[in-house]
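K.L.:
Pasting in a structure now, in structure tokens, and then I'll have a few things to ask.
Nothing in this text is a laboratory measurement; each read-out follows from the coordinates by a stated rule. The structure presented is a predicted model; accordingly, all values stated were derived computationally and were not measured. Here the Cβ positions follow ideal geometry from the backbone for every residue, glycine too, while neighbour counts run over all protein chains shown.
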Amino acid sequence: MAVLSVQDDALLKGADATFRARLALEQEIRMLCEDTESLTTHYYGAAADELDALVAEWEMDANGLNSTLQTFEANLRTFQSSLTQGEHDNSAAFAAVAARLGGYSSPASPSSEHQSTETVAERIAKRLGG
């Protein structure tokens, strides 16, 4: 299973995809509204009233979906921001702990050929003599 990190911007990519889908939906709604307006001129009486009610209900549902997409997009962006801030805060806290432990250096980057399999906790325990 792939692991995503905040740096992968998966949440922002999802928010961008949601934004594009929402814009496409808005465009489709506009086009359908224009098409249905041209139809209403051909109906009279009860049929026209029913068509108007149906179109109004459909527009309400479509706008509700659009609103849900807006909320979802905003939530993704907010969550990404919170995760980024949390990751920054955790890095700063770890750096402070590392400084107190006498200059502990961070593990090799994932792209390194010789990556340690020790966890951070194991390395700290070794450094503390445990």
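K.L.:
Taking a ≥ b ≥ c as the square roots of the Cα gyration tensor eigenvalues, with a/c under 1.5 meaning rounded and otherwise prolate when a/b beats b/c, else oblate, which class fits region 7-94?
P.N.:
Note, shape of region 7-94 comes out prolate.
K.L.:
Could you run the Karplus curve 6.51 cos²θ - 1.76 cosθ + 1.60 with θ = phi - 60° over region 74-84 and give me ³J(HN,Hα) per residue in whole Hz, x for Gly and Pro?
P.N.:
Listing the rounded values in order: 4, 5, 4, 5, 5, 5, 4, 4, 5, 5, 4 Hz.
K.L.:
Enumerate the calculated ³J(HN,Hα) couplings along region 90-96 in order (Karplus 6.51 cos²θ - 1.76 cosθ + 1.60, θ = phi - 60°), each rounded to whole Hz, writing x wherever the residue is Gly or Pro.
P.N.:
Here the 3J(HN,Hα) series is 5, 5, 5, 5, 5, 4, 5 Hz.
K.L.:
Please rank 55, 97, fewest neighbouring Cβ atoms within 10 Å first, as an exposure proxy.
P.N.:
The order, fewest Cβ neighbours first, is 97, 55.
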